[in-house]
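Student: Structure in structure tokens, see below.
The values are calculated or read from the model by the stated rules, or taken from the named source; none is laboratory data. As the structure is a computational prediction, the values presented were derived from the model and not from experiment. Quick reminder, even Gly has a Cβ in these numbers, built from the backbone with ideal geometry, and neighbours come from all protein chains shown. The accessibility values were calculated without ligands, DNA or RNA, using every heavy atom of the protein model including side chains. Shrake-Rupley method; radii C 1.70, N 1.55, O 1.52, S 1.80 Å.
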Amino acid sequence: DHLSVLCIEAYIYFISIGVRLELVTIMMKNRKLQKAKEWYRQTSRRKVVSITVLIFMYATFCGIPNELSSTDKDRSLQIKQLNNDPSILSDTYSGEKDGWCCTNTPYILISDILETMPPVVAVSERNPPTHIQLCKEYIYRSEVEDTEESNGNESSSMATFRITEDESVCTDWEAPHYSVLSMFASSLVAAVGKDLGLRYKHNCRQHIQNMHNNPNLHYDYTPVQALLPDNLISKTDAEKVRPELINKLCKNCIWDYENIQELEFKSGVTHHCLVMPEIDIAQEIQDENDEIPLVSILSSIIDRMRHMADDWIVTTDHPKGETDTGVIIAVDEKSSFMNPKEYDKIIPEAVTTIQVFASASCGIAHVQEKSDCIEHGRILKRYFQRTRAQYGTKVRYDVVGSSAASFSRLIEGRITICPPGTVMCLLPALAKKAGKKAYIAEDQENAVTYHWFENHVLEERKNLRFQEVGYDAIPDDGYLDIISNVDTSPLEPEDEPNTEAGPVSEPAPAEEPETVVEYNGRIGDPTGGDLEYEPGTGAEPDPESESESTSAVEEPQTAEITGRIGALNEGAQGDEHESLIQSES
């Protein structure tokens, strides 16, 4: 608004200057020289500084679009900070606001995922992976070079083989973990094969704007891999990997690609044939006194992931204080249940916020009845609301469409907790910032992430001394804890949320009805148990005016059975976006 007023004033002032100069010309024609000289001096001398300043301000603020721009085009984000209540934005926000192209919210409804989010291209419909193409070229060129050397000939320079990442990998929002590993694999083969003429540049950043600020969508679904820099692996790290090991692993990758039916979607895949092979191949490499490539390039992965988090955290609308006193719990479609009492053992009373994340792929798996991950998050949210109210802890639960947003917050947050089998947690846990803490729960019955940090990965991570000794009380050897022998039993009836009175200082919560009522994206208690804070004010609205201030429509949903809510009908919008306690503005 201030800039609009300034622009109007500048226009008026320029017009007035033009009028004065025209009057001077008329006076001179009428030979009123003394009067003309006086007007001319007033116009050209006394106002010259003001005109210069106004021209500069006009050119800066009025002649270009009103948007914050970065000097680095790759990192430009059309950002306007909003106090995002994701449910409200999902219902009412349509893009343009006050002349600014506002940053879309990364928090979405399940219906958004099903109806408007661009579908992920199935593996069978994609081009051959870039690491496979590079591996084939690497093996061929290595054999040619070896043949020339054995014949006593000098190796001749080969034509450069350049390749960029397939767009389907850059935009894959279902499998960010595997996509990141694949891009690092391609970069590693090209780095080791640089003398053979191999070049790789993922070039995924060209797709960011469409995913982050698509004018036809109100949400952001930017995946983490799209934000990585083109130079993924440092020269020092690439030199740690022997060419012979790359040759061997490349042959294994090619054989697997040509002989084993791949999964159509990679959201649950944690290993990669080249960067982090399965346990049997990894053990064979270690038996030969070598290391899997992930260990050798770990510092590059951590550095790039941290830079990504630093770049993107400003778009996530994270709660105030999360980086110092916040807890983030991630849930995806591969996560298995961990008794909420296990969280009480590791979450200090002093934390100010607890954020539960569910991935977009979790939302799909929930609708397809392949996973109860959405209900998993709901149970955690209700449990923490009841048990942490006495400490004033703010609790929030969201489905996150942008893995760039979820990874950024998982890396930057003070404490990250990953239930057993949570794939989306693994790389952020490796890249935790100095002074932060991560907990990885493992369950032998959930083999997806079981012992993923073995094979010297965790040992090497702690040996890198990234925690900046003396920064705070968390040393290198304690930054990440593996929680084994976890209790996976459900809550006892007496521990179920909303079944007993709250803390002495709080009124007893209203009894939850047999039929849960959905409030346009929220599952709430119609008796007033769930109150929504007005975004941007930081204050709680009058409960009596709550229904008047929202466009919520009550729709009966499935009844609650034995403490768990049944699967939503297709298109329903559960309370995955319920922000019961709004973050401080």
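Student: Given the criteria of a type outside the set (Ser, Thr, Tyr), surrounded by 17 or more Cβ atoms within 10 Å (Cβ to Cβ) and at positive phi, does ASP332 qualify?
Tutor: No, not satisfied.
Student: Mind telling me which of the residues ASN210, ASN231 ends up being open to solvent by 60 Å² or more (accessible area, probe 1.4 Å), out of contact with any His (no Cβ under 7 Å at 6 or more places or on another chain) and not in a helix (DSSP H, G or I)?
Tutor: ASN231
Student: Right, here's the next one. Mind listing just one residue for me: the one in segment 282-318 that is under 18 Å from VAL192 (Cβ atoms) and among the aliphatic types (A, V, I, L, M) and, of those, farthest from the chain's Cα centre (by Cα)?
Tutor: ILE285
Student: Among the numbered criteria (1) closer than 28 Å to VAL314 by Cβ; (2) surrounded by fewer than 24 Cβ atoms within 10 Å (Cβ to Cβ); (3) at pLDDT 80 or above, which single criterion is violated by SER406?
Tutor: Failed condition: (2).
Student: Test of understanding: among GLU445, GLU412, which residue is surrounded by fewer than 24 Cβ atoms within 10 Å (Cβ to Cβ) and either among the acidic types (Asp, Glu) or modelled with pLDDT of 95 or more (or both)?
Tutor: Testing whether each residue is surrounded by fewer than 24 Cβ atoms within 10 Å (Cβ to Cβ) and either among the acidic types (Asp, Glu) or modelled with pLDDT of 95 or more (or both) leaves just GLU445.
Student: Now a separate question. Taking the criterion of being in contact (Cβ under 8 Å) with a residue 12 or more places away in the chain, of a type in the set (Gly, Ala, Ser) and closer than 23 Å to TYR479 by Cα, would at least one residue in segment 266-282 satisfy it?
Tutor: no
Student: Could you tell me whether segment 463-473 includes any residue that is surrounded by fewer than 24 Cβ atoms within 10 Å (Cβ to Cβ) and at pLDDT 90 or above?
Tutor: No: zero hits.
For (1) open to solvent by less than 50 Å² (accessible area, probe 1.4 Å); (2) assigned to a loop (DSSP other than H, G, I, E, B); (3) under 30 Å from TYR107 (Cβ atoms), each residue gets a yes or a no:
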residue: ARG205; (1), (2), (3): yes, no, yes
residue: ALA226; (1), (2), (3): yes, no, yes
residue: ASP237; (1), (2), (3): yes, no, no
residue: LYS240; (1), (2), (3): no, yes, no
residue: LYS251; (1), (2), (3): no, no, no
residue: GLU258; (1), (2), (3): no, no, no
residue: LEU263; (1), (2), (3): no, yes, yes
residue: VAL269; (1), (2), (3): yes, yes, yes
residue: ILE301; (1), (2), (3): yes, no, yes
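Student: Among (1) in a loop (DSSP other than H, G, I, E, B); (2) surrounded by 24 or more Cβ atoms within 10 Å (Cβ to Cβ), there is one condition PRO215 misses while meeting the rest; what is its number?
Tutor: Tallying (1) in a loop (DSSP other than H, G, I, E, B); (2) surrounded by 24 or more Cβ atoms within 10 Å (Cβ to Cβ), PRO215 fails exactly one: (2).
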